[in-house]
Structure formats: C-alpha cells, structure tokens
1. Using +1 on the beta carbon of Lys and Arg, -1 on that of Asp and Glu, and nothing else charged, what's the dipole of the chain about the Cα centre, debye to 20?
2. Return the sequence-ordered ³J(HN,Hα) values of the range 257-267 in whole Hz as given by the Karplus equation 6.51 cos²θ - 1.76 cosθ + 1.60 applied to θ = phi - 60°, using x for Gly and Pro.
3. Under 15 Å from a point placed 7 Å out from the Cα of residue 194 along the Cα-to-Cβ direction: which residues of the range 228-244 have their backbone N that close?
4. For every other residue with a beta carbon closer than 15 angstrom to the beta carbon of residue 204, add +1 if it is Lys or Arg and -1 if Asp or Glu, then tell me the sum.
5. When the distances between all Cα atoms of the chain are binned every 10 Å from zero, what whole-number percent does each bin get?
6. Counting only Cα atoms, I'd like the Rg/Rh figure for the range 300-382, Kirkwood definition for Rh.
7. Over the chain, what relative contact order in percent results from Cα pairs under 8 Å that are six or more residues apart?
8. Count charges around residue 277 for me, please; just the other residues with Cβ under 12 Å from its Cβ, Lys/Arg as +1, Asp/Glu as -1.
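Read the figures in this text as sums done on the coordinates, not as results from a lab. Since we're looking at a predicted model, the values are computed, not measured. Note that we place each Cβ from the backbone using ideal geometry, even for glycine, and neighbour counts take in every protein chain shown.
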Amino acid sequence: MPGRPEKKVSAVSASRAPYATLRGRLPDFPWDKLAPYKATAAAHPDGIVDLSVGTPVDPVPALVQRALTEAADSPGYPTVWGTAALRDAITGWAGRRLGAEGLGHENVLPVVGSKEFVAWLPTQLGLGPGDRVAYPRLAYPTYEVGARLAGAAYEAYDDPRALDPEGLRLLWLNTPSNPTGQVLPQEELARIVAWARAHGILVVSDECYLELGWEAEPVSVLHPQVSGGSFEGLLSVHSLSKRSNLAGYRAAFVLGDAALLGDLLQIRKHGGMMIPATTQAAAVAALGDDQHVEEQRRRYATRRTALRTALLAHGFRIEHSEASLYLWAGRGESCWDTVSHLADLGILVAPGDFYGPAGENFVRVALTASDERIAAAVARLT
Ligand SMILES: Cc1ncc(COP(=O)(O)O)c(C=O)c1O
C-alpha cells in the first residue's frame, strides 16, 4: 500500500522556529505608523520640516573629519577595549565634564553607539526569565526592547525607590531624559543610588544628552556627590552622536564599575563588538575638543528658543524640556491629533505614546533641523 508522501521540512522552516521566537518578543516598529503623516507633511508647498527624529544635521567638526581620514589606512582588526589613546581621551573627558574622580582604563568600555549597548546589556548581563528590568515611565523604547530580547520581565516606574526590589536586577536612569528633557537633580540621584546599592541593584544611567543642558545643569551618576566616590554598582552611558554630530560614526562608551565592565569586555570580545579603528581615532579628536561642543550648543540653543516661542504662541504647553534635544509639547488632545495638525502645516513630530502610554497627550519636537528649516516651522506656527 502506497504510503502518504513524506512531509518535507526544509532547513529554512526548521530553523525559523527560534528565529520567530526572538522576533515575537519585540514590539512592532512604531515609526511605521508615522508614514502617512510624513507623506502629508512632505506635500507642503514649501517642503517638510522633519522634527520627528533626534538625528544631527550639522556638519561633523573639521578636526574630527581630519582624524578619521588620517586613520583611513587601518588594515588590522581594532580591539573591543579600544586604543589606549581612546581610553585616555574618555577618562580625560569624564574627569573634565562629569567631575568623576579616579577613573582608570579599567573603568572604561567603548561601545558601537549607545543604542546597541542599551539593547543588548540585559542579555550580556545574563538576565532572563525571573529577572526584572525597570526604566522611566516615559522612556527611550530600547530599554524595554533590551529586556524583551533577554526574555526578562520589564516595568516602567514613576519613582524608582517605590519599585519592589525583589528580582530587580537592572535599573535604568535617563538624565537628561528622552523624550521629556527632564534632568534628575543631584540629591535625587544620590538617594536612588543609595537605595539601589542597599538592595544590590545595578544602576545604569543613560547620560547621552548630558552636555545639552539649557535651564538645568545635568549631573552624572559618577559625580562624587552622587556616587560617594565609588563606582561600585554604577554604570554611566555616553555617546558622541549628539554632542559631536557623530551619529553616523557609531561612537559611544560606558564608564563605571570595573569588575562589571571587565566581564562585559570579555563577553563583547567573544561577540566581536568593536568600534572601527577610524571611528576610534575620530572619537579621540572629538573628546579632546570642547570648542565644537560649545558651537553646537549655541546652534541648538537658538533653535530651541525660536521653536519654543512659536509653539507657545500656537497654544502649546511645554513641560520639562530643561535639557536635551527635544521640546515636550502638548495641546491637551491626543498626540495623534497633534501630529496630524502639525503634519497639515508641513511639520513632522514624534507622538508621545511612542515613549509610553503616559505620553498620549504630548508630542516630542526635536531641535535637529537646519536653521532654515526651523525658521520655516516658526513661520508656519505663528
Ligand atoms: C536616551 C537615548 N539613549 C541612547 C540613544 C542612542 O544613541 P547612539 O546609539 O547614537 O549612541 C539615544 C538616541 O536617540 C537616546 O535618545
């Protein structure tokens, strides 16, 4: 009797199961929802003013471009820990700009942009089911993504010290905040660090907007008045994307607890997570120069004042926004109604609910557009 034809399982579909599992842990990519509004804004006769993404538009500083091209002949593999010159540049910058004292090379870990670090830290820490990760109520979505990739539980907080410490392994802080621009005061940071240490919880503070304070002076978790002079249980995350217009180069670094960074370095060596040699050389130049940061700050400050004034005149309320590259603005209506209203004026912004349900009545307005485009937005709003 002829048997039923054997059902063939292809290698591709057999290997799809674990792939689909990992993919299934992630949310839908929210930016796709903005596409129709982008089309509306782009149809404006004077063109779109895209303030939806915090991507730099001003030139890469000339001294950084020079350092990159001078390092163009880099045939060998770079190291994950980076060159000694890069580690020196990082500790020198952190002493100068963060007030962190006593940092050595063992307190430094270069990363390939801070987004990859945020997304993969829970996995690299070995977190998984039974572990909890917490992040601010309104937050950069990658904190949640990182927990999901690791299969760990995750939750948003209003006050980290009100969290149940049981099973809480990783506490994300973000000061200044994306999306709200809020800055955590030094005393509050010190209280959070003391609480986390008392419960053995790792504190990782994402400080990639630290040099972009306008109406507040952002403080690092590594400042002695917060850390108590010890880096134990603390990591501070920094990026050259915003302060030096280097988002295209992928250059960031983490500072803090030497034992933990040593473990992460080993794991990342096995994973081949190294910054290209050309970018390392560029980062050394960028970290050694404060003047271009001051120039860039001035550009953003001017744009911020112009946009802020125009939004207020248009009937917006602006909350926080004392630092960072964003204005957190609302009109007392659904963020999608605001997105739609601004798209009709040819202005694209990010809906607040991209950053958590608590943002449903706000939009995030980025300062990252040319002076000419900001002037166009201001004219349309007033
Ligand atoms: C809070 C926060 N962290 C990290 C990043 C990632 O920056 P990068 O990967 O360019 O260093 C961003 C980018 O917008 C951000 O807003």
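1. Roughly 1060 debye for the chain.
2. Values per residue, Gly and Pro as x: 3, 5, 5, 5, 5, x, 5, 4, 4, 4, 4 Hz.
3. 228-230
4. Neighbourhood net charge equals -4.
5. 5, 22, 30, 25, 13, 3, 1, 1, 0
6. Rg divided by Rh gives 0.93.
7. Relative contact order of the chain: 24 percent.
8. Around residue 277, the surrounding residues sum to -2.
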